[in-house]
Amino acid sequence: MITKIDHIAIAVQNLESALETFSNVLGCAPGSITIENVPSEKVRVAFIPVGETKIELLQPLGDDSPISKFLVKNGDGMHHIALQSTDIDEETARIAALNITTLGAPKQGAGGKRIVFLHPKETNRVLLEFTGKHA
Ligand code: CO
């Protein structure tokens, strides 16, 4: 079951600078937010809590990161919407039955949670991510 929007992700060239901007806008202390490296996704990430959900800031780790390619093409901006699921394997199987392709199988993402992305060509060019429980 999909239960809520887990986070909305924004791709940025400079994580420290974006973290300061978004912390100021949201009225929280930038020092209270931790930055995490996610080598499997070749990104550095920071999650800023906003009520029940979060804003994720994503900076590429290296030129071969998918986020690098996104930034070259689009510049900074909205990257994906993540939906929290109670069972990521069940949700992945459910959408496969609807002929919606995922970008690979669920794998470990930020915060040790299992994640999977859906192919944006089948979801109105919006990149969606399912998040599950910790691996
Ligand atoms: Co995400």
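When 69, 107, 54, 121 are screened for being touching an Asp or Glu at 6+ places or on another chain (Cβ under 8 Å) and of a type in the set (D, E, K, R), only 54 passes. For the residues 17, 23, the requirement of being of a type in the set (Ser, Thr, Tyr), in contact (Cβ under 8 Å) with a residue 24 or more places away in the chain and out of contact with any strand residue (DSSP E or B) (no Cβ under 6 Å at 6 or more places or on another chain) singles out 23. Looking only at residues of the stretch 18-50 that are open to solvent by less than 60 Å² (accessible area, probe 1.4 Å) and within 19 Å of residue 75 (Cα to Cα), we find that the one that is modelled with the lowest pLDDT is 41. Residue 96 fulfils the conditions (1) of a type outside the set (Val, Ile, Thr); (2) open to solvent by 20 Å² or more (accessible area, probe 1.4 Å); (3) under 23 Å from residue 37 (Cβ atoms) except for a single criterion, (3). Does the stretch 84-91 contain any residue that is touching a Lys or Arg at 6+ places or on another chain (Cβ under 7 Å), over 17 Å from residue 4 (Cα atoms), surrounded by 11 or more Cβ atoms within 10 Å (Cβ to Cβ) and among the polar types (S, T, N, Q)? No, the conditions are met nowhere in the stretch 84-91.
The values are calculated or read from the model by the stated rules, or taken from the named source; none is laboratory data. Model, not experiment: these values are computed from the prediction. In this analysis, Cβ positions are derived from the backbone assuming ideal geometry, glycine residues included, and neighbour counts consider all displayed protein chains. For accessibility, only protein heavy atoms count, side chains too; no ligands or nucleic acids. Shrake-Rupley method; radii C 1.70, N 1.55, O 1.52, S 1.80 Å.
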